[in-house]
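Asker: Quick one: structure below, then a few questions.
The values are calculated or read from the model by the stated rules, or taken from the named source; none is laboratory data. As the structure is a computational prediction, the values presented were derived from the model and not from experiment. A quick note on method: Cβ atoms are made from the backbone with ideal geometry, for glycine too, and the neighbour counts reach across all protein chains shown.
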Amino acid sequence: MKRTLQETIGYFPSESEAEAAQRRLTELANVKLASRGFAVPEQGGDSPLLSLGRSLLANFEEKLRIFGEPLCPVDQAIHDFLVRYLGDQAAGVFEADEAWLPSSALTLERHGLARVFSLPADADRLESDILSSYRVHQGVCHNPAKDRRTTEGVFHIVEDGLPIPADKKGVPRRTFARLLRAALQPPEEFLRLPYTATRPAAEQAHTFVSLLLRPMVCPEVPGVVRQRTMEIRFFAPGALVSNLDFVESIFGNAGDPSLPENDARLDAGGWTGHTGCVILAPHLTGLRKKDLGLPAFGEATERQRADGMCWENEDELYNEGGAFKIACRDASGVCVTLIADSYYGYCKKEVKTQISFAANLFGLCEEEHAGGALAFPSFDHGEDFSVAQLGSLVNHTWEEVVRRHGANMEVKPEGYGVDRRWPDIVYLPETARLDLRTQRITWQRPDGLSAERKMLAGETYVMPSGYKVEMSQSVKGQRWRLVGTQAEGTLCHKPCTVSGGGKSEISKSLADAMLAGPVTIPHFQEALRRVQEILDMGQEFFTSRFHTPRQPQLPSRPILDPSRSFGSVVRMMTPGHLFTESYNRWLEAIPRPVRGLLLILKRRYQAEWGDDWASKFSVDMIDGQPGIELKFYNQRLYTRYLRVGFSGQGAWRIFGLRKDFAPAVKLQREDDITASVVVAAEKLKGLHPKLDEPAYKFVANCEYRLFQRPDDAVIRGYDRATEADFSKKGMFFSNYEPLPRGLAQEMTEDAIRFGQFTEAAQKMIQEVSMSDVPDWFVCTANPRIVDGKPTKNPRYLQNRPDLGDPRKEYLGEMGARLYRRLEAAAPVLNPAHSVLPGRRNNPAEPEAGIRPLAVFGPIHYQELPELFMDFAASLTGKSPSTTGAGSEGALTKGPFNCLLPIHDLNNALLSMLLTRSHGFSSAAGHIGRKYRVDHDISLVVPEVWSRMHIHERDPQWLIDHGCLESVKDFEHQGRVIPGSRLGWRITQEFVSRFFGRVFNDPTAVFPVDMLRPELQSLEEFVDGIEHIAEAHQRVATNYFLDGSLEHAIPPLRALLTIMAEGSWEGKTWHDPDFRRLFEAEGLMESEWYQARLEARAVTARRLWERHVKDLSKFLERRTRLQPVERAVMEEKLHHAREQLLDLERTGAQRYRGSLGLDPGLVEGRSS
């Protein structure tokens, strides 16, 4: 039975429903405590539910005492794995009848129980050495001892399973056995459940708590691929129950692990066959190496000495007393991890690790460190709109819409429709014309008569082609306008993105970052005169602007000619390499206010004005002198601006946006942990008609809530979305300063600073000031204070945007459905269109020993060899999420990968080859020493990419049209600098052509020394490239040390050899023979690809055989099943047997066009 969002993640449509559910959960929490013989807090002792059930609970408790508590199926599987894996190395560690997992753990089978237990029933604060917890106005705030995670020396793996990556520490099995036993015996204070912590000592509950997760590993592609999940058991000592609240809020609660409906072994076709287990044990950092069975230094192997898995002094602590996590896993598909820290990020990243583990062993799919959004470009249409403005390519009709989707709408006799699910979505015929001045919609009815309807704010008008139009007022008090949004979006997929590289930012709305201000025109009369001069320039002047006229037989159209688009005027008024030098000099001499006024005129010009356009504009007279704020028909004009970085002094670099620009509508698809799958095109129907690739990648977010770090939210009023989130109830915060309730009143009295907050934040603070409970609240402007200064890593859990706005999702789907002419029941498939990884760049910090990485421009394209050099190393600058900079390993997953990184590299390259994708990376942090850009470019890139036609995203097209320039190797002080590793970077032509679709003056946004960082400092540019090349070599060497090279597919084996040794079979990375290895031709006929398909077939067969065995055994043992339950299980068994027969018929070729599976990961074949 599929669990609801309320059951899985505690998501409720309204606060009143959430509050009612919270009261029921509190009653359930008291019942659970009583069922285990624990004292119930006074507040819950008189619960009706508890009173009625006391005799039943007593009966249950007595049966537990007599018969004990058998392990649930998943725990039994984990126990059996540990016994088998540790074998004789556990002798003398565990007693014969001793549990190998936490016994009698309190099972949290409903979402929200963990939150109830995480704070005292009668207090709003609880502090300990490892955690400080607060009940706040908006939810809960938990501040662990450390405000962020570290990646150095943290990741350990038990020996004798799958190969251990060179960057991880290998641990003997006997040491893990002792660590495991110690993890099951935490100090008494760690077991104390916060819910009862304020009660007398005799009434305090001390227990482990446990949770079942079923995170997604393979996404669904409707009609082609079924969603697959793995199972993960989480155990924590009671004091850390908030960690389970955290992980279940992100990944969902999968229910009671003892019930058959939650047993993955019986979930034929829905389970990958993989099991995880996580045990939190912060106290392990206090154990001595000697006591854990590690050898003395003189008896240790070379690797043990290098990894610190030995001791010279008997008092040496394991891992030098620092945080760590240790994984025990093998090819059977079970992974058990101990985490010796309480920071929340480790829990989330461990789930990511185990999803990746399952994806690699399952085949077909990937776990990716990615962000992403489906971006629908939007446009400001001013005061009127008709379908004719969309061009001749749109020929959809109202009759088609009614024929396919009439059942989903109320079709009106006047010839329009109202959506049955969302009555504020209105479907219009192709003859519709929207006029904002009259606020009327007119169209021609099928019978030839005219019809009209009032246009209303809040309604969305959908054309037969799926194009959507709405009334919009970006800032209260400003002019209304019509904003249109395209039917089709561009799925911008941002994989392989380092910490701080902008994974979250790619899906954030640009509207929240936009600023509004008056249009200023100094020297107004002079500006009018100059604009008229430009308009009076002869057609011959503009026709001759090109070096080589494209259509010499056609004269240039006048600027105000209706047939000339606004975009073409922007391009002709922006310097470019296609123009003559004299024309570019003429453009550069035009003052920016004059150019801005010309564009405003073009945007608003109406043919009936003729030459009398100047009278429509004016400025006020101030103290007898002309002002500078422009008016149109005596109404002040506003324009919109966007920040793109900072000046050297820290001032914002603000740039005007195009007058017809509106921020894209974004549907978030990824944020950090992505599941993806590649599907052959021949299996798919109903894609965008202009897509034509042999295979496509489909992505999905594994998380329901997102662990956000809102960097800019400390600026009051800047991050409107975050301030809105902080005004909601039921939130989870970490690393925020708990503010006493009384401070809210003081904040409201600080009128100037209080007024800087958004309306939502102001309302929240006012509510706190008038409330009686709880005692605390948090504010975006007040991160936690650590070592006397605000932390750089404030976090909160944000509800995934699509959960909170289903109408927006529906509109996006419906628009594409109409454009593609899909039937109402057909799935709308949106594969990843563009691969746009992010970089975190930093200038040099000699005093901190950090070398420069800021050698990349705003956007770079790299061919696959150069791109995968970077993916293998995944170099990063400093990030607020972690305590250092350096390499994040293969595709940024290295620190959280318990397998050899080559498996992820193999999958990623194969994915790019099968889908014929191209990688364009964007910069975060810095560009050179001069430009700090933070995440500003990450925000803009989806706007640009969604406005590019599909053919314009082809790198060869961009190269042919002068939009990309290659970075060459060059000589410096007698050394050859491998500049070509940077690939291709965007040029002024790219900026003018594509950023000109967003900005008024794009060349001002990206000056030459930003596009070419070497112009800022050649020495830092050289040092940065050499730093990258040295890191490539160092990282590649690890692939030789840990045996990864043996598992590399041929192109990567050659690439890693070149990275480490400088050549492969006598060839460098420039050699054509080497580069041909990265071409898709012949891929699917190669021996190594066929071996991957065979490997996948083997694991699939084993899993279906396992399902047949487990389902058969279940049906044999459960003789008292209800008829409906038995029928369901018998149907699953039948399905499993059918799949086995189908595999026998089709063999490995059924997986052709997919990623298959790395043969080295098939159980029985791994080395």
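Asker: Identify all residues within the range 1046-1067 that are within 36 Å of the chain's Cα centre (by Cα) and assigned to a loop (DSSP other than H, G, I, E, B); write none if there are none.
Answerer: 1048, 1049, 1062
Asker: Ok, one more. Residue 808 fails exactly one of the following numbered conditions: (1) surrounded by fewer than 18 Cβ atoms within 10 Å (Cβ to Cβ); (2) part of a loop (DSSP other than H, G, I, E, B). What is the number of that condition?
Answerer: All conditions are met except number (2).
Asker: Does at least one position in the range 723-734 carry a residue that is closer than 25 Å to residue 342 by Cβ and part of a helix (DSSP H, G or I)?
Answerer: yes
Asker: Right, next: Scan the range 999-1009 for residues that are under 29 Å from residue 874 (Cβ atoms) and crowded, with 22+ Cβ neighbours inside 10 Å and report the count.
Answerer: Of the residues in that region, 2 qualify.
Asker: Just checking, which of 672, 692 is under 22 Å from residue 910 (Cα atoms) and buried (at least 22 other Cβ atoms within 10 Å of the Cβ)?
Answerer: Checking each option against the conditions leaves just 672.
Asker: Okay, next question. Could you go through the range 1032-1048 and let me know if any residue there is closer than 30 Å to residue 646 by Cα, in contact (Cβ under 8 Å) with a residue 24 or more places away in the chain and acidic (Asp, Glu).
Answerer: No, every residue in the range 1032-1048 fails to be closer than 30 Å to residue 646 by Cα, in contact (Cβ under 8 Å) with a residue 24 or more places away in the chain and acidic (Asp, Glu).
Asker: Identify, from the list 217, 224, the residue that is buried (at least 24 other Cβ atoms within 10 Å of the Cβ) and out of contact with any Gly (no Cβ under 9 Å at 6 or more places or on another chain).
Answerer: Answer to the check: 217.
Asker: Is it fair to say residue 319 is assigned to a helix (DSSP H, G or I), of a type outside the set (D, E, K, R) and over 26 Å from the mean Cα position of the chain (by Cα)?
Answerer: Yes, satisfied.
Asker: When you scan the range 729-761, how many residues do you find that are closer than 21 Å to residue 799 by Cα and of a type outside the set (Asp, Glu)?
Answerer: Result for the range 729-761: 11.
Asker: Is there any pair linking a residue in the range 604-623 that is more than 26 Å from residue 661 (Cα to Cα) to one that is of a type in the set (Lys, Arg), with Cβ under 9 Å and at least six apart or on different chains, and which?
Answerer: Hits for this filter: 620/631; 620/636.
Asker: Is there a residue in the range 604-612 that is among the small types (Gly, Ala, Ser), out of contact with any Lys or Arg (no Cβ under 6 Å at 6 or more places or on another chain) and under 25 Å from residue 997 (Cα atoms)?
Answerer: Yes, some residue in the range 604-612 is among the small types (Gly, Ala, Ser), out of contact with any Lys or Arg (no Cβ under 6 Å at 6 or more places or on another chain) and under 25 Å from residue 997 (Cα atoms).
Asker: What residue, of 479, 445, 421, 437, is closer than 18 Å to residue 809 by Cα, charged (D, E, K, R) and out of contact with any helix residue (DSSP H, G or I) (no Cβ under 6 Å at 6 or more places or on another chain)?
Answerer: 421
Asker: Would it be correct to say that residue 845 is among the charged types (D, E, K, R), free of Cβ contacts under 8 Å to residues at least 60 places away in the same chain, more than 30 Å from residue 403 (Cα to Cα) and assigned by TED's automatic domain parsing to the domain that holds residue 984?
Answerer: Yes; evaluated as a whole, the condition is true for this residue.
Asker: Looking at (1) among the basic types (Lys, Arg); (2) buried (at least 16 other Cβ atoms within 10 Å of the Cβ); (3) part of a loop (DSSP other than H, G, I, E, B), can you tell me which one residue 685 breaks?
Answerer: Among (1) among the basic types (Lys, Arg); (2) buried (at least 16 other Cβ atoms within 10 Å of the Cβ); (3) part of a loop (DSSP other than H, G, I, E, B), residue 685 violates only (2).
Asker: Of everything in the range 86-120, what is in contact with a helix residue (DSSP H, G or I) (Cβ under 7 Å, 6 or more places away or on another chain) and more than 25 Å from residue 192 (Cα to Cα)? Give them in sequence order.
Answerer: Within the range 86-120, 86, 89, 90, 93 meet the criteria.
Asker: Could you tell me whether residue 916 is more than 27 Å from residue 657 (Cβ to Cβ), surrounded by fewer than 24 Cβ atoms within 10 Å (Cβ to Cβ) and basic (Lys, Arg)?
Answerer: Spelling it out, residue 916 is indeed more than 27 Å from residue 657 (Cβ to Cβ), surrounded by fewer than 24 Cβ atoms within 10 Å (Cβ to Cβ) and basic (Lys, Arg).
Asker: If a residue has to be closer than 16 Å to residue 1094 by Cβ, of a type in the set (Asp, Glu) and more than 38 Å from the chain's Cα centre (by Cα) to count, how many in the range 1120-1167 make the cut?
Answerer: 1
Asker: Restricting to the range 1109-1124, name every residue that is over 17 Å from residue 270 (Cβ atoms), touching a residue at least 12 places away in the same chain (Cβ under 8 Å) and not in a loop (DSSP other than H, G, I, E, B).
Answerer: Within the range 1109-1124, 1112, 1115 qualify.
Asker: State whether the residues of the range 368-390 include one that is in contact with a Lys or Arg (Cβ under 9 Å, 6 or more places away or on another chain), assigned to a helix (DSSP H, G or I) and in contact (Cβ under 8 Å) with a residue 60 or more places away in the chain.
Answerer: Yes, the range 368-390 contains at least one residue that is in contact with a Lys or Arg (Cβ under 9 Å, 6 or more places away or on another chain), assigned to a helix (DSSP H, G or I) and in contact (Cβ under 8 Å) with a residue 60 or more places away in the chain.
Asker: Another question, if that's okay. Could you grab me the full set of residues in the range 923-932 that are in contact with a His (Cβ under 9 Å, 6 or more places away or on another chain) and surrounded by fewer than 24 Cβ atoms within 10 Å (Cβ to Cβ)?
Answerer: 932
Asker: Taking only the range 1066-1078 into account, find how many residues are touching a residue at least 24 places away in the same chain (Cβ under 8 Å) and not aliphatic (A, V, I, L, M).
Answerer: 5
Asker: Being within 19 Å of residue 709 (Cα to Cα), buried (at least 22 other Cβ atoms within 10 Å of the Cβ) and within 24 Å of the chain's Cα centre (by Cα), is that true of even one residue in the range 786-793?
Answerer: Yes: the range 786-793 contains one or more residues that are within 19 Å of residue 709 (Cα to Cα), buried (at least 22 other Cβ atoms within 10 Å of the Cβ) and within 24 Å of the chain's Cα centre (by Cα).
Asker: Test residue 1160 against the criterion of being loosely packed, with under 12 Cβ neighbours inside 10 Å and either touching a residue at least 12 places away in the same chain (Cβ under 8 Å) or on the phi > 0 side of the Ramachandran plot (or both), and give yes or no.
Answerer: In short, no.
Asker: Give all pairs with beta carbons closer than 7 Å in which a residue from the range 206-222 that is without any contact (Cβ under 8 Å) to a residue 40 or more places away in the chain meets a residue that is in a strand (DSSP E or B); count only pairs at least 6 apart in sequence or on separate chains.
Answerer: If the second residue must be in a strand (DSSP E or B), the pairs left are 206/192.
Asker: Filter the range 283-294 down to the residues that are in contact with a strand residue (DSSP E or B) (Cβ under 8 Å, 6 or more places away or on another chain) and either in a strand (DSSP E or B) or not hydrophobic (A, V, I, L, M, F, W, C) (or both) and list them by number.
Answerer: Of everything in the range 283-294, those that are in contact with a strand residue (DSSP E or B) (Cβ under 8 Å, 6 or more places away or on another chain) and either in a strand (DSSP E or B) or not hydrophobic (A, V, I, L, M, F, W, C) (or both) turn out to be 285, 286, 288, 289, 290.
Asker: Given (1) over 16 Å from residue 432 (Cα atoms); (2) part of a loop (DSSP other than H, G, I, E, B), where does residue 447 come up short, assuming only one miss?
Answerer: In the conditions (1) over 16 Å from residue 432 (Cα atoms); (2) part of a loop (DSSP other than H, G, I, E, B), residue 447 misses (1) alone.
Asker: Would you mention how many residues in the range 915-966 are hydrophobic (A, V, I, L, M, F, W, C), under 30 Å from residue 1083 (Cβ atoms) and touching a Pro at 6+ places or on another chain (Cβ under 7 Å)?
Answerer: Summing the residues that are hydrophobic (A, V, I, L, M, F, W, C), under 30 Å from residue 1083 (Cβ atoms) and touching a Pro at 6+ places or on another chain (Cβ under 7 Å) in the range 915-966 gives 1.
Asker: Go through the range 180-208 and count every residue that is surrounded by fewer than 17 Cβ atoms within 10 Å (Cβ to Cβ), among the hydroxyl-bearing types (Ser, Thr, Tyr) and closer than 14 Å to residue 33 by Cβ.
Answerer: Matching residues across the range 180-208 total 0.
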